[in-house]
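Note sheet for the following structure.
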Amino acid sequence: MHDRVVILTRSHEDNVDLAVELRARGVTVIELPSATIEPLADDTALAAEIRALGPDDSLVFTSRAGVDAASRPVRAHEVRATVAAVGAATARRCRDWGIDAWTPSEATSAALGRELPFGSGVVLLARADRAESGLIRELAARGARVREIVAYRVVPAARGDVEAARRAALEGAVTVVASPAAVEGLIAAIGAAAFECARILAIGPTTARAAAHARVKPRVVSALTAGAIVREMEERDVGDR
């Protein structure tokens, strides 16, 4: 059996629980965050949009970074809209802000688009400058009046032990990418040849398309778990026998 190695490209905060569980299963974890969150130089427009929402409107967050961006200029008591969060981690960040947020049955944009309850007002998505358009299309198809505002920027940039990640990728390590920016940042760091040798697990179809553009065929998962990563390793081992 190949050495069990996985490359995680999300932020350390996003990887903490997953990395602990993988290491407990005997997997070597290389953390190489490949996209950096940058705050807006001027969040005046973001704050104004949020404060302008009323009780019939909805404010939707698809990441903790979006909540962090909104909570810097806006106090919880200034938010009059119903708030929704894509998953439990984002909802916890809302609670830290002082707001209870609705969450869908699973922590995916697809479930958020299918299940979000909304009224007659605006549905405002406060999210990254590189966010995918699928959520907007899904909500619009259900009759929602959707608006979007950039809450933060995502910059492709890898940080960590690049050489260790490159060697592992060249040997076919399972590599997790969660955004097109992470794909771009990872390729810039380890090189296209190493990326093409890796076993790519892409979170969501938009990230998968970005990986496919780089001439790899990723495995798509809607939610990332240690079990999914280990299964990918086991299937690789069976296929190589």
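List of remarks:
- Selected residue (only one of Ala169, Ala208, Ala140 is crowded, with 21+ Cβ neighbours inside 10 Å and within 29 Å of Ala84 (Cα to Cα)): Ala208
- Taking the criterion of being closer than 25 Å to Arg25 by Cα, surrounded by fewer than 23 Cβ atoms within 10 Å (Cβ to Cβ) and touching a residue at least 40 places away in the same chain (Cβ under 8 Å), the only residue of segment 178-203 that qualifies is Ala178.
- Residue within segment 107-115 that is outside the structural domain of Pro205 (by TED's automatic domain parsing) and in contact with a strand residue (DSSP E or B) (Cβ under 6 Å, 6 or more places away or on another chain) present: no
- Only one of Ala164, Ala168, Ala76 that is outside the structural domain of Glu235 (by TED's automatic domain parsing) and of a type in the set (A, V, I, L, M): Ala76
- Residue list for segment 61-93, filter: in a helix (DSSP H, G or I) and over 17 Å from the mean Cα position of the chain (by Cα): Ala70, Ser71, Ala76, His77, Glu78
- Cβ-Cβ distances below 9 Å connect the following pairs, each with a first residue in segment 93-107 that is at positive phi, a second residue that is outside any helix (DSSP H, G or I), and a separation of six or more residues or different chains: Gly98/Arg75; Gly98/Val79.
- Qualifying residue in segment 96-103 (condition: small (Gly, Ala, Ser), outside any helix (DSSP H, G or I) and surrounded by fewer than 15 Cβ atoms within 10 Å (Cβ to Cβ)): yes
The values are calculated or read from the model by the stated rules, or taken from the named source; none is laboratory data. Everything numeric in this text was worked out from a predicted model, so none of it was measured. Cβ atoms come from the backbone with ideal geometry, glycine included; neighbour counts cover every protein chain shown.
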